[in-house]
Amino acid sequence: MIPSVEVRHLRPWEEAVGVLTELVDEEDVLLVKIGRITLALPIDMADTLRPHIGQKIAILRTDDRARPYRFRIVAKNSPAGAGDTGRGDENCAQTTGATE
């Protein structure tokens, strides 16, 4: 169970990258623990994410109303800038955001 922590909501074009460690269904929201970050996501993402617990993933929030969240698995030997925190700490997570 995810302890009481600050829950983040990604803004459009913000991405969270880290090891997916836990999913918790909370009524109409899915709490997702990625590294040290806990995200609130749509409940319908549970079936997509559940098979990837223990893997390094990235979740991107977009401004596309039809598909507001994108998910990908981050390869261990990704090139720099492709979701690698550069710290080598698999328990860390980061968020990145685009600026205009």
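Hey, could you check region 43-67 for residues that are free of Cβ contacts under 8 Å to residues at least 24 places away in the same chain and of a type outside the set (Val, Ile, Thr) and say which is farthest from Pro12 (Cα to Cα)? Among those residues, the one meeting the criterion is Pro51.
Per-residue answers, yes or no, for (1) in contact with a Ser or Thr (Cβ under 8 Å, 6 or more places away or on another chain); (2) modelled with pLDDT under 95; (3) at positive phi; (4) charged (D, E, K, R):
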position: Asp25; (1), (2), (3), (4): no, yes, no, yes
position: Arg36; (1), (2), (3), (4): no, yes, no, yes
position: Leu39; (1), (2), (3), (4): no, no, no, no
position: Ile57; (1), (2), (3), (4): no, no, no, no
position: Arg65; (1), (2), (3), (4): no, yes, no, yes
position: Gly88; (1), (2), (3), (4): no, yes, yes, no
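When Val24 is tested against (1) surrounded by 14 or more Cβ atoms within 10 Å (Cβ to Cβ); (2) closer than 16 Å to His9 by Cβ; (3) out of contact with any helix residue (DSSP H, G or I) (no Cβ under 6 Å at 6 or more places or on another chain), exactly one condition is not met: (1).
The values are calculated or read from the model by the stated rules, or taken from the named source; none is laboratory data. Every value quoted in this text rests on a predicted model; they were computed, and no experiment measured them. As a convention, Cβ positions derive from the backbone with ideal geometry for all residues, glycine included, and neighbour counts pool all protein chains shown.
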